[in-house]
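Asks: Below you will find the structure I want to go over with you.
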Amino acid sequence: MRHYEHVFLMRQDLGPAQADAVIDEMKQIVENNGGKVAKVEKWGLRPLAYKIGKNRKAHYVCFKMEAPAEVVDELERVERISDDVIRFLTVKVDELDLDDSPIMRERERGPRRR
């Protein structure tokens, strides 16, 4: 199986429970089709570089997963249809890095002061 990092952005007006439901739904799609989500990182509500639709912020989520290519195709198809997901990006990687991403490490340190 191949290794992927999959990042998707959800609408800013979703509550925490709704965002968790969308994350669980996407995770189930991967697992039901023969893939495995090794790690889920919730990057939180972050500002967008530019406005997408009427959204200035989005809930960012990163999946680090092992799956066949067909699983990625199905996951992206469902995300295109979903009204809650506004953008997504899947990148094939050589091996999974299960350490915290730089974004998660930045959040743990706390906000920077100017």
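Asks: Looking at the stretch 81-91, which of its residues are modelled with pLDDT of 95 or more, in contact with a strand residue (DSSP E or B) (Cβ under 9 Å, 6 or more places away or on another chain) and exposed (fewer than 12 other Cβ atoms within 10 Å of the Cβ)?
Replies: Leu89, Val91
Asks: Another one. How many of the residues in the stretch 83-94 are within 14 Å of the chain's Cα centre (by Cα), more than 19 Å from Gly44 (Cβ to Cβ) and not in a strand (DSSP E or B)?
Replies: 0
Asks: Condition first: more than 13 Å from Val7 (Cβ to Cβ) and β-branched (Val, Ile, Thr). Now tell me which residues in the stretch 61-114 satisfy that.
Replies: Scanning the stretch 61-114 gives Val71, Val78, Ile81.
Asks: Do we find a residue being out of contact with any Ser or Thr (no Cβ under 8 Å at 6 or more places or on another chain), part of a loop (DSSP other than H, G, I, E, B) and surrounded by 17 or more Cβ atoms within 10 Å (Cβ to Cβ) anywhere in the stretch 60-80?
Replies: no
Asks: Checking the structure you have, find out if any residue of the stretch 6-28 is farther than 21 Å from Asp83 by Cβ and either out of contact with any strand residue (DSSP E or B) (no Cβ under 6 Å at 6 or more places or on another chain) or part of a strand (DSSP E or B) (or both).
Replies: Checked against the condition, which is being farther than 21 Å from Asp83 by Cβ and either out of contact with any strand residue (DSSP E or B) (no Cβ under 6 Å at 6 or more places or on another chain) or part of a strand (DSSP E or B) (or both), the stretch 6-28 yields no hits at all.
Asks: Here are Gly34, Gly44: which of them is assigned to a strand (DSSP E or B), of a type outside the set (Asp, Glu) and at positive phi?
Replies: Of the residues listed, the single one that is assigned to a strand (DSSP E or B), of a type outside the set (Asp, Glu) and at positive phi is Gly44.
Asks: With respect to Lys39, is the statement that it is within 13 Å of the chain's Cα centre (by Cα), in contact (Cβ under 8 Å) with a residue 24 or more places away in the chain and outside any strand (DSSP E or B) true?
Replies: Here the answer is no, as Lys39 does not meet what is asked.
Asks: Spot the failing condition for Arg105; the list is (1) buried (at least 17 other Cβ atoms within 10 Å of the Cβ); (2) more than 22 Å from Asp24 (Cα to Cα), and only one is missed.
Replies: Arg105 satisfies all of (1) buried (at least 17 other Cβ atoms within 10 Å of the Cβ); (2) more than 22 Å from Asp24 (Cα to Cα) except (1).
The values are calculated or read from the model by the stated rules, or taken from the named source; none is laboratory data. In this text the structure is predicted, and so the values were computed from the model without any measurement. Don't worry about glycine lacking a Cβ; one is built from the backbone with ideal geometry, like all the others, and counts go over all protein chains shown.
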